[in-house]
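Let me begin by presenting the structure, written as structure tokens, before commenting on it.
No lab work stands behind these numbers, since they all come straight from the coordinates. Source: prediction; values computed, not measured. For neighbour counting, all protein chains shown are included, and Cβ atoms are generated from backbone atoms with ideal geometry for every residue, glycine included.
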Amino acid sequence: MTDLSRRQLLQAGAGMALAAYGLSGCTVERQVDRSAEGRIIKPEVDGDLLLYNWAQYMDPALKKEFGEKYGVEVNEVNFDNLEAMVIKLRSGASYDLIWPSTEYVYRLNQEGLLARFDRSLLKNNDNISPFYDSPWWDPNNELGIPYTYYTTGIAWRTDEVSGMEGSWNDLLNPDAAGRMFILDDFQEAIGEANLINGFDLNTPNPDELETSKETLLQQKENARGFSTNSVQNLVTGSAVMHQAWNGDIVNVRNQVDEPELYQYETCKEGVPVGTDLMSIPITARSPGTAMLFMDWIIDPENSARNVRWNGYPQPVEGAKQQFAELVKEAPSIDVDLEALADSALEYRLDDAEARQLWTETFTEVKAG
Amino acid sequence: MTAGGFWNRFLIPGAAWLLLLFLVPLVFVLALSFGYVDDLGRAVYATDFDNYADAFDPTYFPVLLRSVGFALATTVLCLLIGYPVAYYIARFGGRYRNVLIVLLVLPFFVNYLVRTYAWVALLADEGLVNNAIVDLGIVNEPIQMINTPWAVIGGLTYGYLVFMILPVYGSLERLDKSVIEAGKDLYGTRLQTFLHVTLPQTKQGILAGSVLVFLPAVGDFVAAQLLGGPDTYMVGNLIQDQFFAANNWPFGAALTVVMMLFLSIWMIAYLRSAARDVRGAAI
């Protein structure tokens, strides 16, 4: 496992990196090279690849073997936050494949920065989980292929905490008083409070958000902090309970002496599901090769290898079975998207006003 | 060409550097702070004052107060720890002076973020320190050290200590030893000599060190993010969240401008005090 706390470390580092990108980039729009726009992308070799991804997010052997098989060079550059990626794309930088989250796919597409492609041209198209058929951010299945997904639930230590009920209200469990962490993520924090209160996960209603704020303030009394660093907090014993993404608990269990003590539950009020995807920007110079590469990554055998390497579940056949194998000692970590049916929920913030209301609400919780 | 004209040319690289990498970005921050976010989440330049109105929302007062409080505590701690260290090295370091200073500065070449992470591993409930004191029987249960305000102040103190030691050391090193001897000759006790001779003479070093510690500590976000608890949210965290979580760059820019103005007040006060002392010394 090389990806122990990618999000957390990078989030902290992101502020420092900000200067390097320059604030000026955020609204300066240059003429974009729209090479992949408006043509049907065939999955065939049309040049070398330049991937733009999180660091340490893909088994490097897969790149190497792809390059050997198709006789192309596969190069990779990394971003350490999604805003930085957007800025690069807006400024016209050319990449063949990028790894945005669902919300960023939606945003990039609204800005006309993503190429459309026909998913059915991929040999492994049928491997993709039906959960990803016409999602809100891609109703026509033409903007992205799911790469990894993560459910949000509660991780806890069975030797310290008892009486867990499979509910978000478990965050108030007195056994975890002062040793419980809420994710330092405005969507995850407000989201679970919304679910407790029976509101829509993505409610933009100010009164409902006010109620959820009170719920969070009550949970804060029981908390030791807000953090996305669940792996470190649990491994170092500072946390006995943590709102957490399931993939991170795999990494926790790999790092501790008694993995059986670390359990994970999803909650009956609702299970938020997040997804990172592979998409082709319109600036891609080799969109055809990029199609081949996506197909290569969701190949059952390759995706299984990738899961073994990075520890994150992938919603494709092969990877699913491999992830189940990885967590067979703690099957609750393995969340079957299809089985979740109605309780699986996606965060959706496509309205600037609602987003501001949400972030202000979370700031009030943290500042108070 | 005059000699002055020749030497002035050496200012060009530095001036260009400041202009391009400091002033120009600063102008962008200022321009952005009057902007807004469109429906696609893009920052748009405008001439709104809304962000400034929001910046003075009472919600944020506790955050600002907390940041100033933490930074003041950090400055005092840095002074209490740093002054004796600088004093010892300057007066008794002898030929090892420079070696000692290098040893002090060396850890600060490691990235601040990484060093702060190290503290998390050290001070966690089942970290090295707690395991050691539990094993030694000093305490029965681990003590919660991180995720507290104290941990944040400790992290800030550790992070910025060297900025206090160096200027204080500089002023102590320049101090004429015969002045101290004169103080003792005039029947001053050690304490009296220190309070009436050494301390006033090193006032500028202390002030410079305090400013160098206080200003970055107020805006720091790393210590609170990694070592903080539920009640340690600082201005730096607020600003960082605007850029990377809330996606509200204009508001983040406005907060930055407000904070820079606030910090400038302290900076100007310091510069005036320094200038006054220089004039005083000249007379």
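So here's what we get for this one:
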read-out	value
Rough spin-label spacing in nm, given labels placed 7 Å along Cα→Cβ, for A:ASN169 and B:PHE109	5.8 nm
Which listed pairs, of A:LYS220/A:LYS320; A:LYS69/A:LYS123; A:LYS268/A:LYS366; A:LYS63/A:LYS328; A:LYS42/A:LYS320; A:LYS88/A:LYS366, have C-alpha distances above 24 Å, in listed order	A:LYS220/A:LYS320; A:LYS268/A:LYS366; A:LYS63/A:LYS328; A:LYS42/A:LYS320; A:LYS88/A:LYS366
Amide H within-cut-off set for A:GLU76, under 5 Å, with H built and near neighbours excluded	A:LEU51
C-alpha center-to-center spacing [region B:106-180, region B:6-27] in angstrom	36 Å
Residue-wise HN-Hα coupling along region A:224-240, computed from phi with Karplus coefficients 6.51, -1.76, 1.60 (Hz; x: Gly, Pro)	9, x, 10, 7, 9, 8, 4, 4, 5, 4, 6, 5, 7, x, 6, 10, 10
Candidates B:TYR187, B:TYR96, B:TYR45: whichever shows maximal mean-square fluctuation once chain B is modelled as a Gaussian network with Cα springs under 10 Å	B:TYR187
Spatial separation of Cα centroids for region A:143-193 and region B:184-233, in angstrom	42 Å
Theoretical FRET efficiency, 1/(1+(r/R0)^6), r = Cβ-Cβ of A:SER162 and B:PHE49, R0 56 Å, to 0.05	0.55
Theoretical FRET efficiency, 1/(1+(r/R0)^6), r = Cβ-Cβ of B:ARG279 and B:ALA121, R0 56 Å, to 0.05	0.65
FRET efficiency, 1/(1 + (r/R0)^6) with R0 60 Å, evaluated for A:GLN110 and B:ASN98 via beta carbons	0.50
Shape of chain A, Cα gyration tensor, a/c cut at 1.5	prolate
Within region A:285-301, backbone nitrogen closer than 18 Å to the virtual label 7 Å beyond the Cα of A:VAL45 toward Cβ	A:285-297
Near-label residues of region A:167-203 by backbone N, under 11 Å of a point 7 Å along Cα→Cβ of A:SER343	A:167-168
Highest-fluctuation residue, A:GLU83, A:GLU103, A:GLU353 considered, GNM on chain A with Cα pairs under 10 Å	A:GLU353
3J(HN,Hα) from dihedral phi, region A:89-102, Karplus parametrisation 6.51/-1.76/1.60, rounded to Hz, x for glycine, proline	5, 4, 7, x, 4, 9, 9, 8, 8, 10, 10, x, 7, 4
Average partner coverage of A:221-230, which counts Cβ from other chains inside 10 Å	4
Global geometry of region B:57-282, whether rounded, prolate or oblate, following the gyration tensor of its Cα atoms and the 1.5 cut on a/c	oblate
Proximal aspartates and glutamates relative to A:LYS213, as straight alpha-carbon distance under 15 Å, when same-chain residues fewer than 8 apart are discounted	A:ASP184, A:ASP185, A:GLU188, A:GLU192, A:ASP200, A:GLU221, A:GLU360, A:GLU364
Karplus-derived 3J(HN,Hα), 6.51/-1.76/1.60, for each residue of region B:81-96, Hz, glycine and proline x	7, x, 4, x, 5, 4, 4, 4, 5, 5, 8, 10, x, x, 6, 8
Theoretical ellipticity at 222 nm over chain A - DSSP helices of four or more residues, -39500 (n - 2.57) apiece, nearest 500	-11500 deg cm²/dmol
Point-to-point label distance, B:LEU261-B:LEU23, nm (Cα→Cβ direction, 7 Å offset)	2.2 nm
Most mobile of B:GLY228, B:GLY205, B:GLY69 in a GNM of chain B (Cα contacts under 10 Å)	B:GLY69
Residues A:SER167, B:SER264 arranged by fewest to most Cβ contacts within 10 Å	B:SER264, A:SER167
Region A:58-97 and region A:279-321: distance between their alpha carbon centers, rounded to Å	12 Å
Residue order, fewest to most surrounding Cβ atoms within 10 angstrom, among B:TRP150, B:TRP7, A:TRP136, B:TRP119	B:TRP7, A:TRP136, B:TRP150, B:TRP119
A:ASP207 paired with B:GLU173, simple spin-label distance in nm, labels 7 Å along Cα-to-beta-carbon	6.8 nm
Nearby aspartates and glutamates by direct alpha-carbon distance to B:LYS203 (threshold 18 angstrom, same-chain neighbours under 8 apart not counted)	B:GLU173, B:ASP176, B:ASP277
A:PHE181 long-range amide H proximity, modeled H, under 5 Å	A:ARG224, A:MET241, A:HIS242, A:GLN243
